[in-house]
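The values are calculated or read from the model by the stated rules, or taken from the named source; none is laboratory data. As the structure is a computational prediction, the values presented were derived from the model and not from experiment. Neighbour counts are summed over all protein chains in view; Cβ atoms, including those assigned to glycine, are modelled from backbone coordinates with ideal geometry. The accessibility values were calculated without ligands, DNA or RNA, using every heavy atom of the protein model including side chains. Shrake-Rupley method; radii C 1.70, N 1.55, O 1.52, S 1.80 Å.
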Amino acid sequence: MLGYKYLIYFKINQILIHPCGNIKYTQGFILIDLSMTMNIQTLRIVGLLEGISFLLLLFIAMPMKYMLDNPILVKYVGMGHGVLFILFLIVLFTVCEKQKWSIYMFILGLIASILPFGTFVFDRKLKNFEQPIAESEV
């Protein structure tokens, strides 16, 4: 993948990703170095949260909207799911680059994030990747 060090800036209602490490801190932004904080365990946690939010949206919020004419849950659960979906893709891309995984793994994670229960299946695959790494560190 790309050999860049990815940085992320958070600002109210905006997320901007910059593909270089030389960006200066500016007022109103919080700087996080993604290459230092992202690992397989982080990807698994974000994937599980994204999967749960997707299931809540599909099986609780959407039926309430269309069967009970109460769309309020879709607004909040949908927004939370959207944030978690984008976060999952950012973490997935960063971990794929850091672990030097092929583009196949990124596409597999992308497809898993779109399908219901997909992130749980992808989590099992990630667990298999995480165990050999943990064993080699001992």
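General remarks:
- When a 1.4 Å probe is rolled over the protein heavy atoms, the share of accessible surface on region 53-138 that falls to carbon and sulfur comes to 72 percent.
- Mean Cβ count within 10 Å, highest first, over the residues of peptides 119-128, 48-57, 69-78: 48-57, 119-128, 69-78
- Residues of region 37-138: accessible area per residue with a 1.4 Å probe, Å²: 61
- ³J(HN,Hα), Karplus 6.51/-1.76/1.60, whole Hz, each residue of region 71-81, x for Gly, Pro: x, 5, 5, 4, 4, 7, 5, x, 5, x, 5
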